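The values are calculated or read from the model by the stated rules, or taken from the named source; none is laboratory data. Every value quoted in this text rests on a predicted model; they were computed, and no experiment measured them. We place every Cβ from the backbone using ideal geometry, glycine too, and count neighbours over all the protein chains shown.
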């Protein structure tokens, strides 16, 4: 068990890792009571050493860790990296480079969809992980020996998991697939919470441009406010309240106070005043500047039978290729493909080779699905003379 609580200890630990081929990384954080994630512990393992770094230790400077994360010569290996990368991006204003996500690699190697670290550690590293500390409060001090042991197990076994997955990728010549999948994780935009785009996560009952304009303004207000005062979105204003406000578009504080669960205290305070200002900004927008929501898939008239055939084909091709179907094509892509859309990721790169090309042939009648006993196969269709 190794717990680092001082800057000089961290610098000494990180110095030799600057020469390592790769390091495995994980974080423990809290965000139940805040908007921004609060880093509590960072775990890092090199070829021979591993340490848990107490990010809350008094006086500690995490600069040596940030330098290691930014070192372009050292590969950073994570499992289900997105939240960990968000924490480092918020600290460093850059994404750790280069990086490797074992969850993505596991899907490419046919270990199922969204494979857990525990399942991969058991299968590939023959490790048994004690998960009793999984839902602990990582902000409380002192940390117990059990907590630290659990935290370190998230990076020590990850070394073996990474090496086994890398060997499988090299054998199957699928390392380029991983590079393509890492594009989203490598993009800083993935970790930026843009208030002007917050409305797109919500699902209003109506779709009139004016309603959407009000929704956009009040959602942006909530996002900026919760970022500034660092509280969860739902603690300031719940999604259903925000949608009700956008739908009813109150014109006075009294009307705003009628929103279910809001109360006069909120409506008459600074929150209500700023909300009304946001609503008035939306009302003042000219017609030419009103937002328009992307056309829903259900309005694209995707034939249900075609969707079912494509799903069957996806299962078939994913099994044949030994890759998770979700990684090949999302449910939304299947619907859009069935509705006639062609500018889709599933029709590009390795996805086209695995599934996309055959999917288009199936839609356009050049191939068909046939049952052979308990198995499904793809057969060519001979054009009628």
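Quick look at the values:
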quantity	calculated
Segment 206-228: number of residues that are part of a helix (DSSP H, G or I) and without any contact (Cβ under 8 Å) to a residue 24 or more places away in the chain	1
Members of segment 259-271 found to be assigned to a helix (DSSP H, G or I) and farther than 13 Å from residue 222 by Cβ, listed by number	264, 265, 267, 268, 270
Segment 135-149, residues that are in contact (Cβ under 8 Å) with a residue 12 or more places away in the chain and loosely packed, with under 14 Cβ neighbours inside 10 Å	137, 141, 145, 146
Out of 158, 165, 212, sole residue that is surrounded by 21 or more Cβ atoms within 10 Å (Cβ to Cβ) and over 23 Å from the mean Cα position of the chain (by Cα)	212
Elements of type helices (runs of 4 or more DSSP H) in segment 50-124, at least 3 residues being modelled with pLDDT of 95 or more, outside the structural domain of residue 166 (by TED's automatic domain parsing) and surrounded by fewer than 20 Cβ atoms within 10 Å (Cβ to Cβ)	none
Residue that is surrounded by 12 or more Cβ atoms within 10 Å (Cβ to Cβ) and either in the same structural domain as residue 248 (by TED's automatic domain parsing) or assigned to a loop (DSSP other than H, G, I, E, B) (or both), where the choices are 359, 368, 302, 318	302
Some residue of segment 125-132 being in contact (Cβ under 8 Å) with a residue 40 or more places away in the chain and surrounded by 17 or more Cβ atoms within 10 Å (Cβ to Cβ)	no
Hey, residue 342 within 25 Å of residue 181 (Cα to Cα) and surrounded by fewer than 15 Cβ atoms within 10 Å (Cβ to Cβ) or not	yes
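Each row is one residue, and each column tells you yes or no for (1) part of a strand (DSSP E or B); (2) buried (at least 17 other Cβ atoms within 10 Å of the Cβ); (3) in the same structural domain as residue 95 (by TED's automatic domain parsing); (4) within 19 Å of the chain's Cα centre (by Cα).
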position: 10; (1), (2), (3), (4): no, yes, yes, no
position: 13; (1), (2), (3), (4): no, yes, yes, no
position: 19; (1), (2), (3), (4): no, no, yes, no
position: 26; (1), (2), (3), (4): yes, yes, yes, yes
position: 32; (1), (2), (3), (4): no, no, yes, yes
position: 36; (1), (2), (3), (4): no, no, yes, yes
position: 41; (1), (2), (3), (4): yes, yes, yes, no
position: 44; (1), (2), (3), (4): yes, yes, yes, no
position: 47; (1), (2), (3), (4): no, no, yes, no
